[in-house]
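Inspection log for the structure reproduced underneath, given as structure tokens.
The values are calculated or read from the model by the stated rules, or taken from the named source; none is laboratory data. These numbers come from a predicted model, not from an experiment. Neighbour counts are summed over all protein chains in view; Cβ atoms, including those assigned to glycine, are modelled from backbone coordinates with ideal geometry. With ligands, DNA and RNA removed, areas are computed over all heavy atoms of the protein, side chains included. Shrake-Rupley method; radii C 1.70, N 1.55, O 1.52, S 1.80 Å.
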Amino acid sequence: MYQYERKLGLMKRRIRNKSQVEGSIVREYLMSEIATYCSLYFNLTIETRHNREPRNFSPQHPNSMSGDSPLSLFAVPSRRLYQKGGRQRILSHAELKKAHTYVLLNCDEITPYVNQFDEVAPHPYPDVQVSRLREEHFAAWFENRVIDGLCDGSTQHLKILARKPSQYAQSHNGYFVNGYKFHTQEHGKGRATNNYGVCMRGEAYNNEETDYYGLLDEILKLEYNGNGPSTNVLFNCTWFNIYRGVIVNKNKLVDVKHKSRLPGDDKFILASQAEQVFYTPYPTERSDTKDLWAIVKTKARHIYDIAPPETEVANNENTEEHEFLQIDERFELPDKVTSSERINLVTDTDTTNQATNYEDEGFRGEEIEVEEDTYDGGDDHMVVLDHSSDEEDC
């Protein structure tokens, strides 16, 4: 529904005197404006519609990053669905190794070490694929590499990642991250909106690359022990087969075969990598669409992709460097509120530039009087533009 229709529908639902419908709508509008104006003067601790948290808001969790671990991996804004929720789950040795290896391979600070491992690992195992060597030996190789660098302090910030996370993980039914609200399949059964559709971009993503689509089975929070707790959230998903199960139809829409599964045991992704999609079946029971789900991608709330500025300025001595600021669009009260019966537009002009073009749309059809007043001891002039309607002149 459009914005104005929604506003009118809201005011119509609040009508009390049905014999005076127009007057009730006007009164409702005035009361809403007065309440909004008064709420601007409330204390910031009082929640109003101007300072309440937005939908799917995910602030920085106090335990998501410890003081001694400045890694970007632990600084992802996220929060769990319920304030008091989750249950403790013991990970098996295979699950713990798989999750820990995936975290290491997807940390930006570990990328140089991954490149080093790819260079030295194939020498003793020339017939084994590099991806398989990463899964089997990278975690142990990285731990030894970090321990060797502790003597000179070059790997001190990576010490927390070299250790394996705790075997006791927290399992949650829902999580807010990346502007989305995710539910597990078990928690989303019977709900009108299914929030367990997950999409992740491919490793070498481009316009022709196929995304990975799946269903969210479990949300795990891993805890790495350092001087303080550092947590990281992983999604355990069931993935559809991207080679045989993902189809692009003639209308350029993406369908997926919900009975086709991706082979292998790669189930985990980082919560920061997840995007949300919705799956909807076709209304007809035709043989070619019976096992297909249409994929509907959604946009994150309050998260925007801002392209970098294209303007390039030469950095020399005569050029000042400027930073781009993000404006917080909130209501702010002026320091002093004044009232006047007429509008005066006051501008400072130079004595040589007294000719002004007043053919703007705001002053079209109005009579403008220009009065010059010279300051004592100054060359600047103050020009006061006073406009009045034709009815007042008559």
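For the ranges 232-244, 16-28, 39-51, what's the packing order if you count other beta-carbon atoms within 10 Å of each residue, average per peptide, and put the highest first? Working shown, then result.
Values: 232-244: 19.2, 16-28: 11.5, 39-51: 9.9.
Peptide ranking by packing, descending: 232-244, 16-28, 39-51.
Starting from the Cα of Lys84, step 7 Å toward the Cβ, then list every residue of region 172-202 with an amide N under 18 Å from that point.
Zone members listed by number: 172-174.
Computing the accessible area with a 1.4 Å probe over protein heavy atoms, can you report the carbon and sulfur percentage for region 243-297? Write out the running numbers ahead of the final one.
Details: 2000 of 3750 Å².
On region 243-297, the fraction of accessible area on carbon and sulfur atoms equals 53 percent.
Between Ser39 and Ile15, what's the calculated FRET efficiency when r is the beta-carbon distance and R0 is 25 Å? Round to 0.05.
Working: r = 23 Å, r/R0 = 0.93.
With R0 = 25 Å, the Cβ-Cβ based efficiency is 0.60.
Report the label-to-label distance for His258 and Glu109 in nanometres (one decimal), using points 7 Å from each Cα along the Cα→Cβ vector.
So the two model labels end up 4.2 nm from each other.
Which chymotrypsin sites (Phe, Trp or Tyr not before Pro) does region 74-138 hold that lie in a coil by DSSP with at most 15 other beta carbons within 10 Å? Walk me through the numbers on the way to the answer.
Details: sites: Phe74, Tyr82, Tyr102, Tyr113, Phe117, Phe138; in loops: Tyr82.
Passing sites in region 74-138 are Tyr82.
Going through the cross-link list Lys159/Lys221; Lys252/Lys290; Lys97/Lys257; Lys250/Lys297; Lys181/Lys299, which pairs have a Cα-Cα distance over 23 Å in this structure?
Numbers: Lys159/Lys221 19 Å; Lys252/Lys290 19 Å; Lys97/Lys257 30 Å; Lys250/Lys297 18 Å; Lys181/Lys299 11 Å.
Correct reply: Lys97/Lys257.
Would you mind telling me the share, in percent, of accessible area of region 85-203 contributed by carbon and sulfur at probe 1.4 angstrom? Don't skip to the answer; put the middle values down first.
Details: 2990 of 6480 Å².
Solvent-exposed carbon and sulfur of region 85-203 make up 46 percent of the total.
Report the local net charge at Pro122: Lys and Arg +1, Asp and Glu -1, summed over other residues whose C-beta lies under 15 Å from its C-beta.
Local charge sum for Pro122: -3.
What is the sum of charges around Lys257, taking Lys and Arg as +1, Asp and Glu as -1, for the other residues whose C-beta is under 9 Å from the C-beta of Lys257?
Values: positive: Arg244, Lys259; negative: Asp255, Asp291.
Cβ neighbours under 9 Å give a net charge of 0.
Enter the accessible area per residue of region 1-144 (Å², integer; probe 1.4 Å; all protein chains in place).
Heavy-atom accessible area per residue stands at 73 Å².
Assuming R0 = 35 Å, what is the FRET efficiency of Asn51 and Asp217, from their Cβ-Cβ distance, to the nearest 0.05?
Working: r = 37 Å, r/R0 = 1.05.
According to the calculation, E is roughly 0.45.
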